[in-house]
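Asker: There's a structure below that I have some questions on.
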Amino acid sequence: MSAPRILVVEDEVAIQELLRYSLEQSAFQVVITASAEEAFAEIQRRLPALVLLDLMLPGMSGVALAKRLRAEGRTRELPLIMVTARVEESDRVQGLDLGADDYVTKPFSPKELIARIRAVLRRRAPHLAGDPIAIGPVRLDPASRTVTCDGREVSLGPTEFELLHYLMTHPNRALTRDQLLNALRGDHRFLEDRTVDVYIRRLRAGLGPAGDNLIETVRGIGYKLSSHRE
C-alpha cells in the first residue's frame, strides 16, 4: 500500500517547504498547490488522502474551497484540516462549521500537526492508518502486505488486497460501489460501477469459503463485510 497522499494548499513558500519536509519525513506523499483553484483542479484529477488548507489564499479563499468540497458528493467526506494565522474563536468555529476535521493555527509545531493528521486519518480513513487488522479467520497486515485465512497465507492481487483492506476497516457497513471504487488507490472515477463486482468475485475466490461467508452482497447498494457471521 502506498503512503497516504497529502494535498497542501498554501501560498507561503517557506511554509510550503516546512510542510513538505515534515510530511515526507513522516512517510507521507506530498502535493503542494498555491491556490484554491489549483487545489480544486488537483482534487478533480485525483483524490488525496487528506487536505491541509490555508484559509487566507489569493483568489478563491480557503473558506470558499471548503464549501465547494463539502457541497459535492465525491469530496463531501474528504478529510480536511484547516491551517491559518487566524486565532479568534469565531474563525475556529467557522472552520469547524464548514466541515473541517481539525483546525491548526500558525505558527504550529510540525510534530503536533503530524499527530493531528494521523488522528484524523485514523478516525476518518482507517484504511490509510497502516494498522494490522483481523476479522474472523482473516488477518491483514498492510506493512508486509500479507493476508492469512485460518492461518494459511492467501495470495491476492494488489487491487483485491486494497479492496479487502477497505472492507475490513469499515466492517458491518453497507458500502456502495462508488465508495469502494474511490477507495482503490484514491480515486477510480474512470471505472464502471460494475467493475467492483469483478474484484469482489476475485476476492471471494481468493479467500475461499470464508470469502463467501464474510462478504455480503447488499441488494441495491453494494457490499458489506460482516464481523458477526460465523
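The values are calculated or read from the model by the stated rules, or taken from the named source; none is laboratory data. What you are looking at is a predicted structure, and each value in this text was computed from that prediction instead of being measured. With ideal geometry, Cβ positions are generated from the backbone for all residues, glycine too; neighbour counts draw on all protein chains shown.
Asker: Name the single residue that is modelled with the lowest pLDDT among those in segment 65-88 being among the small types (Gly, Ala, Ser) and closer than 23 Å to LEU19 by Cα.
Answerer: The extreme case among them is ALA85.
Asker: Evaluate the following for ILE117: is it at pLDDT 90 or above, of a type outside the set (Asp, Glu) and under 21 Å from ALA39 (Cα atoms)?
Answerer: For ILE117, the condition - at pLDDT 90 or above, of a type outside the set (Asp, Glu) and under 21 Å from ALA39 (Cα atoms) - is met.
Asker: Follow-up. Say whether the condition of being within 16 Å of PRO110 (Cα to Cα), among the hydroxyl-bearing types (Ser, Thr, Tyr) and buried (at least 18 other Cβ atoms within 10 Å of the Cβ) is met by at least one residue in segment 33-48.
Answerer: No, segment 33-48 contains no residue that is within 16 Å of PRO110 (Cα to Cα), among the hydroxyl-bearing types (Ser, Thr, Tyr) and buried (at least 18 other Cβ atoms within 10 Å of the Cβ).
Asker: Among the numbered criteria (1) crowded, with 20+ Cβ neighbours inside 10 Å; (2) modelled with pLDDT of 90 or more; (3) in contact with a strand residue (DSSP E or B) (Cβ under 6 Å, 6 or more places away or on another chain), which single criterion is violated by THR148?
Answerer: Exception for THR148: condition (1).
Asker: Let me ask something else about it. Only one residue in ASP101, ASP91 is surrounded by fewer than 18 Cβ atoms within 10 Å (Cβ to Cβ) and at pLDDT below 95, so which one is that?
Answerer: ASP91
Asker: Under the condition of being surrounded by 13 or more Cβ atoms within 10 Å (Cβ to Cβ) and outside any helix (DSSP H, G or I), which residue from segment 190-211 is modelled with the highest pLDDT?
Answerer: Looking at the filtered set, the residue picked out is GLY208.
Asker: Here's a follow-up. Just checking: which of the strands (runs of 3 or more DSSP E) contained wholly in segment 1-80 hold 2 or more residues that are assigned by TED's automatic domain parsing to the domain that holds VAL104 and without any contact (Cβ under 8 Å) to a residue 40 or more places away in the chain?
Answerer: 29-33
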